[in-house]
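Colleague: I have a structure here, written as structure tokens, and I will follow up with some questions on it.
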């Protein structure tokens with residue numbers, strides 16, 4: 001896998017109504033658990049009168065981390081259906097939250113599953129989905145004498161420089177698109193004196 005699908009920007013769905021209850025879905029691109037927590041705090045603050053704020057999120061590509069939460073609704077009636085839509089849209093690095101304003105009529109577990117699934121679908125349906133390249137990170141270490149050759153290769157291969165340190169030798173942290181990794185490694189191996197370390 002060389003690329004993944006995620007959202008370009010946050011998106012809010014139109015209100016979905018069932019027997020007086022109102023459901024509103026929010027979809028966000030996210031990169032960490034801390035970011036998810038921050039967004040959920042803000043969402044709960046904004047919708048203080050909502051009875052529930054149920055959600056699901058998926059972060060990562062090779063070994064994704066996944067969470068879903070029913071926030072007081074019957075077990076597996078909200079978080080799982082929301083997560084099912086994240087899978088259905090083949091997305092990662094995404095949080096989908098659905099707030100519910102209770103309308104006075106209980107929907108039952110089946111009704112809730114359908115309502116949360118449909119709300120999440122509406123939340124993702126209008127969202128701006130983008131495809132992003134998977135990047136691998138490397139640390140390059142070399143002598144000043146090799147600077148020109150290394151920088152030329154970085155420029156040719158359109159490699160992203162993350163950080164540089166110049167002391168007794170040179171250290172450059174780079175991100176490489178996975179599809180270009182093999183060619184980049186081959187060309188680096190042709191540069192004597194360049195130490196390459198793949199990072200987690």
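The values are calculated or read from the model by the stated rules, or taken from the named source; none is laboratory data. If you're wondering where the values come from, they're calculated on a predicted model, not measured in any experiment. Don't worry about glycine lacking a Cβ; one is built from the backbone with ideal geometry, like all the others, and counts go over all protein chains shown.
Colleague: Is there a residue in region 134-144 that is surrounded by 12 or more Cβ atoms within 10 Å (Cβ to Cβ), in contact (Cβ under 8 Å) with a residue 60 or more places away in the chain and outside any strand (DSSP E or B)?
Modeller: Yes, that holds for at least one residue.
Colleague: Next question. Just one of the numbered conditions (1) at pLDDT below 95; (2) under 30 Å from residue 178 (Cβ atoms) is not true of residue 72; which one?
Modeller: Here residue 72 clears every test but (2).
Colleague: Which of the numbered conditions does residue 180 fail, given that it passes all the others? Conditions: (1) touching a helix residue (DSSP H, G or I) at 6+ places or on another chain (Cβ under 9 Å); (2) in a helix (DSSP H, G or I).
Modeller: (1)
Colleague: Please tell me if residue 191 is part of a loop (DSSP other than H, G, I, E, B), farther than 30 Å from residue 16 by Cβ and in contact (Cβ under 8 Å) with a residue 24 or more places away in the chain.
Modeller: Values: part of a loop (DSSP other than H, G, I, E, B): yes; farther than 30 Å from residue 16 by Cβ: yes; in contact (Cβ under 8 Å) with a residue 24 or more places away in the chain: yes.
Considered against the rule, which asks whether it is part of a loop (DSSP other than H, G, I, E, B), farther than 30 Å from residue 16 by Cβ and in contact (Cβ under 8 Å) with a residue 24 or more places away in the chain, residue 191 comes out as yes.
Colleague: Restricting attention to region 145-157, does a residue exist that is under 27 Å from the mean Cα position of the chain (by Cα), at negative phi and either free of Cβ contacts under 8 Å to residues at least 60 places away in the same chain or surrounded by 13 or more Cβ atoms within 10 Å (Cβ to Cβ) (or both)? Show your work before the answer.
Modeller: Within region 145-157, the first condition is being under 27 Å from the mean Cα position of the chain (by Cα), and the residues that meet it are 154, 157.
Narrowing further to those that are at negative phi: 154, 157.
Narrowing the set further to residues that are either free of Cβ contacts under 8 Å to residues at least 60 places away in the same chain or surrounded by 13 or more Cβ atoms within 10 Å (Cβ to Cβ) (or both) leaves 154, 157.
Taking every residue of region 145-157 in turn, at least one turns out to be under 27 Å from the mean Cα position of the chain (by Cα), at negative phi and either free of Cβ contacts under 8 Å to residues at least 60 places away in the same chain or surrounded by 13 or more Cβ atoms within 10 Å (Cβ to Cβ) (or both).
Colleague: Give the residue, chosen from 200, 160, 181, that is loosely packed, with under 11 Cβ neighbours inside 10 Å and closer than 21 Å to residue 2 by Cα.
Modeller: Working: 160 fails: loosely packed, with under 11 Cβ neighbours inside 10 Å; 181 fails: loosely packed, with under 11 Cβ neighbours inside 10 Å.
Step by step, each of 200, 160, 181 is checked, and only 200 is loosely packed, with under 11 Cβ neighbours inside 10 Å and closer than 21 Å to residue 2 by Cα.
Colleague: For region 100-114, check the following and say yes or no: at least one residue is under 23 Å from the mean Cα position of the chain (by Cα) and modelled with pLDDT of 95 or more.
Modeller: Kept after step one, since they are under 23 Å from the mean Cα position of the chain (by Cα), are these residues of region 100-114: none.
The answer is no, given that none of the residues of region 100-114 is under 23 Å from the mean Cα position of the chain (by Cα) and modelled with pLDDT of 95 or more.
Colleague: Go through region 2-27 and report how many residues are assigned to a loop (DSSP other than H, G, I, E, B) and over 30 Å from residue 176 (Cβ atoms). Don't jump to the end; show me each part of the working.
Modeller: Step one: of region 2-27, the residues assigned to a loop (DSSP other than H, G, I, E, B) are 2, 8-10, 13-15, 19-20.
Of the ones still in play, those that are also over 30 Å from residue 176 (Cβ atoms) are 13-15, 19-20.
Matching residues across region 2-27 total 5.
Colleague: Tally the residues that are within 14 Å of the chain's Cα centre (by Cα) and surrounded by fewer than 12 Cβ atoms within 10 Å (Cβ to Cβ), restricting the search to region 1-27.
Modeller: 2
Colleague: Here is a further query. Checking residue 126 against (1) surrounded by 17 or more Cβ atoms within 10 Å (Cβ to Cβ); (2) farther than 24 Å from residue 200 by Cα: exactly one of these is not met. Which one?
Modeller: So residue 126 meets the others, but not (1).
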